1. Taking a point 7 angstrom from the Cα of residue 153 along the C-beta vector, which residues in the range 177-193 have backbone N less than 15 Å away?
2. With the calculation restricted to Cα positions, what are the radius of gyration and Dmax of the range 114-271 in angstrom?
3. What are the semi-axes of the equivalent ellipsoid for the range 249-294, taken as the square roots of 5 times the Cα gyration tensor eigenvalues, largest first, in whole Å?
4. Could you work out how far apart the two model spin labels at residue 185 and residue 282 are, taking each label as a point 7 Å from the Cα in the direction of the beta carbon, and quote it in nm?
5. Quick one: give the max-minus-min coordinate of the C-alpha atoms of the range 7-123 along each principal axis, largest first, in Å.
6. Separation between the residue 319 and residue 232 pseudo-spin-labels, each 7 Å from Cα along Cα→Cβ, expressed in nm?
7. Where does the range 65-186 land on Rg(C-alpha)/(2.2 N^0.38 Å)?
8. Using alpha carbons only, how many degrees (0 to 90, rounded to 10) separate the axis of helix 304-313 from the longest principal axis of the chain?
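Please treat every number below as a calculation from the coordinates, not as lab data. Bear in mind the structure is a predicted one, so any value in this text is a computation, not a measurement. Neighbour counts run over all protein chains shown; Cβ positions are idealised from the backbone, glycine included.
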Amino acid sequence: MIDLRSDTVTRPTDGMRRAMATAEVGDDVYGEDPTVNRLEAMAAERLGHEAGLFVASGTMANVVAILTHGGRGDEMILGNLSHTFLYEGGAAAGLAGIHPHILSTEPDGTLALSAIRVAIRPDNVHFPRTRLLCLENSHNRCGGAVLPHEYTLEAAEIAHGAGAAVHLDGARLFNAAIASSTDIAILAGVADSVMFCLSKGLGAPVGSLLCGTKAFIREAHRMRKIVGGGMRQVGILAAAGIYALEHHVERLADDHANARRLAEGIRQIDGLRPRSINGSSIPETNLVYFDVDGEAVGQPTLDAFALSSRLKDHGVLANAIGEGRSVMRMATHLDVDEKDIDRALAALRSSTMGT
């Protein structure tokens with residue numbers, strides 16, 4: 001099977017498995033796992049922050065950050081298409097009691113600066129305190145769009161000017177850095193806290209890093225404990241993260257090239273239309289979103305869910321997105337090469353024709 005459902009489906013490479021098997025370990029809750037400590041220091045240095053914290057998942061990294069920045073009755077500003085709002089089980093409200101102030105996400109993944117200004121609450125007993133602005137780079141639901149650095153700077157200045165912190169959901173921040181040819185420390189430096197996933201394009205089997213000041217990470221340790229994130233001899237997983245940072249960052253450009261190849265092929269298939277990213281049908285990173293129009297090929301019952309089922313019969317896995325049943329996403333990753341992309345395109349052509 002060619003698995004294009006997500007870049008989370010990657011399997012550890014042989015070199016990564018060897019690093020995991022030989023990792024030196026200790027008890028991380030006691031701060032005694034040397035491999036975890038090395039990974040946290042490496043991540044913080046790469047992102048230009050003082051300290052890092054290894055957690056089990058991107059969702060855990062985001063909720064730990066939110067818990068650390070705010071408390072019950074506080075408010076955070078975020079987009080209606082952000083991962084934190086859509087796909088994290090309402091954790092910020094359910095666990096932290098933090099009120100989400102939802103703004104419309106622009107097609108390029110940004111939040112209108114004017115809307116951010118208006119959303120910040122005045123100091124009034126009737127209102128929750130605006131504690132946090134959450135941004136996402138690259139932006140999943142906006143086709144993997146890269147947020148311009150100039151934009152994030154302006155958004156952060158607005159938040160900081162009102163006394164609010166900025167958290168950056170950088171699950172695929174390394175993709176954004178490679179796509180924009182920008183040092184990742186520059187992209188991460190606008191935020192008071194930033195997370196990135198090891199288990200997506202970087203190809204590790206599990207884990208994310210949360211970075212910030214030493215004081216912030218010290219408090220985040222406490223929040224990680226509260227959500228059950230204390231882990232023990234976890235150096236065997238941290239070793240995979242170190243390997244990924246040392247070997248799998250620059251190769252993200254290959255995933256982006258394969259995504260462009262995929263989108264260009266999809267554009268030539270009747271009934272399929274790649275979604276526009278910043279005015280172009282060519283994706284910026286490794287995510288390809290496209291619309292399925294069965295009517296255009298004389299098949300009224302063909303939607304994204306039906307196409308997903310047909311693709312599986314042809315040996316390709318892809319996810320339909322529940323947005324009017326018409327949208328599909330494909331993600332390229334290190335387990336997919338050019339030949340796989342061509343096979344996936346052949347499967348798409350056959351599936352849209354009903355063969």
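1. In the range 177-193, the label zone of residue 153 (backbone N under 15 Å from the point 7 Å along Cα→Cβ) covers 182-191.
2. Gyration radius and largest Cα-Cα distance of the range 114-271: 18.3, 57 Å.
3. Details: eigenvalues 88, 22, 11 Å².
Computed over the range 249-294, the values are 21, 10, 7 Å.
4. 3.1 nm
5. Reported extents, whole Å, longest axis first: 53, 32, 28.
6. 3.2 nm
7. Numbers: Rg = 13.9 Å, N = 122, 2.2 N^0.38 = 13.7 Å.
Taking the Cα Rg and dividing by 2.2 N^0.38 Å, one obtains 1.02.
8. So the helix axis and the longest Cα principal axis differ by about 70 degrees.
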